[in-house]
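Engineer: One structure is given below, represented as structure tokens, and several questions about it will come after.
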Amino acid sequence: MSGTILVTGGTGLVGKGIQYIIENEPEGSRFGKKAGAKWVFLGSKDGDLRDFEATKAIFEKHQPTEVIHLAALVGGLFSNMKYKSTFLRDNLLINDNILELSHRFKCKKVVSCLSTCVFPDKVEYPLTEEKVHLGPPHGSNFGYAHGKRLVDVQNHAYNDQYGDMFTSVIPTNIFGEHDNYDLSDSHVIPGLVHKCILAKKNNTPFIVSGTGKPLRQFVYSRDLAKLMIWTLYEYNEIDPIILSTGEDEEISIKDVADAIVKAVGFEGDYQFDTSKADGQYRKPASNAKLQRLTGGFKFTPFQEALQQSVTWFMENYDSART
Ligand code: NDP
């Protein structure tokens with residue numbers, strides 16, 4: 001792998017994680033850069049990937065040999081519910097442009113990023129890779145989920161018709177440095193971290209929405225980055241692979257909030273607002289395939305990963321996405 005690896009969405013949470021690993025792991029190591037390889041990290045300023053001609057210009061400029069495709073219109077529950085057509089169409093356009101141009105430019109491999117939202121709403125748990133298409137996704141993120149599901153459909157179609165090696169990964173809830181720390185439309189960890197920091201600063205109570213009982217699986221962006229690099233180097237199936245901590249490592253929202261309180265050093269009043277909806281109690285995903293194929297990946301302990309993310313956010317408060 002000594003060509004050019006193009007990372008779309010290279011300025012986001014996962015892209016910055018991959019950049020960190022590529023710059024910090026020893027060259028030639030399992031997750032490190034290969035000798036002679038050039039990694040290019042793209043943001044939306046480099047071109048709008050919804051636009052075919054703009055995307056083609058990027059491929060002409062960089063002549064990629066492999067692609068890690070992360071760019072997507074990503075949002076919280078509120079925007080997913082309100083802008084279903086935009087979430088569907090923007091993601092369809094981005095994904096179609098990337099896959100078709102990767103095919104035309106004869107890229108040797110493409111790894112795209114799905115999400116556990118793609119799974120059917122009514123499904124037998126734990127989630128496993130072969131259940132993606134077994135029923136409609138939850139109505140709240142219907143546009144985003146269908147857009148992502150079609151990546152797997154396209155991967156199979158390009159492979160069946162042309163032999164292209166296009167595959168995908170399915171991460172659970174990601175957190176880490178460079179996350180979106182917006183207070184109203186972010187994912188659970190960055191939203192609570194930001195709230196807790198403000199509560200500490202303003203000497204006000206730290207209020208967590210819901211009972212704190214639901215369980216979730218989280219993956220630290222720098223662990224996910226290593227696993228995506230592993231996917232690029234070593235995973236050779238078209239079918240997706242779930243990249244996550246194990247089912248036995250589910251964490252309750254209360255445990256998450258406790259860990260945030262500790263990481264932030266918050267000593268004020270801390271409560272749960274049980275008048276707010278909890279969402280689904282749990283939606284466990286199996287990482288058995290991942291652990292079998294990697295030979296057992298060691299994830300960063302949750303409190304340590306959270307502490308690193310919180311420290312990063314406090315140090316970069318003025319420039320972070322809020
Ligand atoms: P971010 O929102 O942090 O980053 C999105 C990236 O996509 C940014 O680099 C952004 O560029 C780029 N981008 C968005 N729209 C366009 C466009 N029209 N043209 C070019 N670039 C564009 O996303 P994450 O890092 O969180 O997510 C990465 C992938 O992981 C996505 O595919 C997402 O669906 C998936 N995922 C994320 C989860 C999570 O918990 N965050 C969970 C499961 C899956 P710019 O910075 O310039 O705006």
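Every number in this text was worked out from the coordinates using simple rules, so none of it is lab data. Computed from a predicted structure; not experimentally measured. Don't worry about glycine lacking a Cβ; one is built from the backbone with ideal geometry, like all the others, and counts go over all protein chains shown.
Engineer: Looking at the chain, identify the longest residue range that excludes and avoids all GluC sites (Glu not before Pro) in DSSP loops having at most 10 other Cβ atoms within 10 Å.
Structural biologist: Result for the longest clean stretch: 125-266.
Engineer: Does segment 178-279 classify as rounded, prolate or oblate by the C-alpha gyration tensor (a ≥ b ≥ c root eigenvalues; a/c under 1.5 gives rounded; else a/b over b/c gives prolate, otherwise oblate)?
Structural biologist: prolate
Engineer: Restricting things to alpha carbons, find the Rg to Rh ratio for segment 1-68 using the Kirkwood radius for Rh.
Structural biologist: Ratio value, two decimals: 1.00.
Engineer: Same structure, new question: Go through L150, Q161, H187 and say which Cα lies farthest out towards the positive end of the charge dipole of segment 144-196; charges sit on Cβ, +1 for Lys and Arg, -1 for Asp and Glu.
Structural biologist: The residue sitting most towards the positive pole is H187.
Engineer: Still on this structure, I have one more. Rounded to the nearest 10 degrees, what's the angle between the helix 52-62 long axis and the longest principal axis of the chain, both from Cα atoms, 0 to 90?
Structural biologist: Here the helix axis deviates by roughly 80 degrees.
Engineer: So how much slack lies between K106 and L183, counting 0.36 nm per residue of separation and subtracting their Cα-Cα distance, in nm?
Structural biologist: The K106-L183 span can extend by a further 23.5 nm.
Engineer: For the chain, just list the percent of Cα-Cα distances falling in each 20 Å bin from zero outward, please.
Structural biologist: 32, 60, 9, 0
Engineer: Turning to a different aspect of this structure: Dividing the convex hull volume of the Cα atoms of segment 22-124 by its residue count, what figure in Å³ per residue is obtained?
Structural biologist: Once divided by residue count, the hull of segment 22-124 is 159 Å³.
Engineer: Count the net charge of all other residues whose Cβ sits under 10 Å from the Cβ of P214, scoring Lys and Arg as +1 and Asp and Glu as -1.
Structural biologist: +3
Engineer: Size of the dipole of segment 19-152 about the Cα centre, Lys and Arg at +1 and Asp and Glu at -1 on the beta carbon, nothing else charged, in debye to 20?
Structural biologist: Roughly 100 debye, rounded to the nearest 20.
Engineer: For E130 paired with M1, estimate the spin-label separation in nm (one decimal), with each label point 7 Å from Cα along the Cα-to-Cβ line.
Structural biologist: Here the modelled spin labels are 2.8 nm apart.
Engineer: Measure out, as a whole number of angstrom, how far apart the alpha-carbon centroids of segment 267-305 and segment 18-83 sit.
Structural biologist: 26 Å
Engineer: Taking θ = phi - 60°, what integer Hz values does the Karplus form 6.51 cos²θ - 1.76 cosθ + 1.60 yield along segment 26-36, in sequence order, with x for Gly and Pro?
Structural biologist: Karplus-based 3J(HN,Hα) across segment 26-36 equals x, 4, x, 6, 4, 10, x, 5, 8, 4, x Hz.
Engineer: Subtracting the Cα-Cα distance from 0.36 nm times the residue separation, let me have the gained length for S275 to E27 in nm, one decimal.
Structural biologist: In short, 84.1 nm is gained.
Engineer: Report the FRET efficiency, 1/(1 + (r/R0)^6), for E304 and F78, where r is their Cβ-Cβ distance and R0 is 25 Å, rounded to 0.05.
Structural biologist: Calculated value: 0.20.
Engineer: Would you mind pulling out the separation of the Cα centroids of segment 102-117 and segment 183-237, in Å?
Structural biologist: Their Cα centres are 25 Å away from one another.
Engineer: Hey, another quick one. Go ahead and collect, in residue order, the members of segment 156-186 whose backbone nitrogen is under 12 Å from a label point 7 Å along the Cα-Cβ direction of M314.
Structural biologist: Within reach of a label on M314: no residues.
Engineer: Mind listing the long-range amide H neighbours of L73? Cut-off is under 5 Å, sequence gap 5 or more, other chains count too, H placed in the peptide plane at 1.01 Å from N.
Structural biologist: N91
Engineer: T322 label point, 7 Å along Cα→Cβ, cut-off 16 Å on backbone N: hits in segment 201-241?
Structural biologist: Output list for this probe position: 201-204.
Engineer: If the only charges are +1 at each Lys and Arg Cβ and -1 at each Asp and Glu Cβ, what is the size of the charge dipole of the chain around the Cα centre, to the nearest 20 debye?
Structural biologist: Here the size comes out at about 200 debye.
Engineer: Along the charge dipole of segment 46-188, pointing to its positive end and built from +1/-1 on Cβ of Lys, Arg, Asp and Glu, which listed residue (G76, L134, H178) has its Cα farthest out?
Structural biologist: So the residue furthest toward the plus end is L134.
Engineer: Here's something else I'd like to know. Using a basic spin-label model with each label point 7 Å from the Cα along Cα→Cβ, how many nm lie between Y162 and A35?
Structural biologist: 3.2 nm
Engineer: Now for a different question. Pairing the Cα long axis of helix 84-104 with the longest principal axis of the chain, what angle in degrees results, from 0 to 90 and rounded to the nearest 10?
Structural biologist: Once rounded, one gets 30 degrees.
Engineer: Could you pull out every residue, at least 5 positions away or on a different chain, whose amide H is within less than 5 Å of the one on I174? Hs are placed 1.01 Å off N in the peptide plane, and Pro or chain starts have none.
Structural biologist: Result for I174 returns V219.
Engineer: Here's another thing I want to ask about it. Any chance you could give the angle, 0 to 90 degrees and rounded to 10, that helix 221-234 forms with the longest Cα principal axis of the chain?
Structural biologist: So the inclination is approximately 20 degrees.
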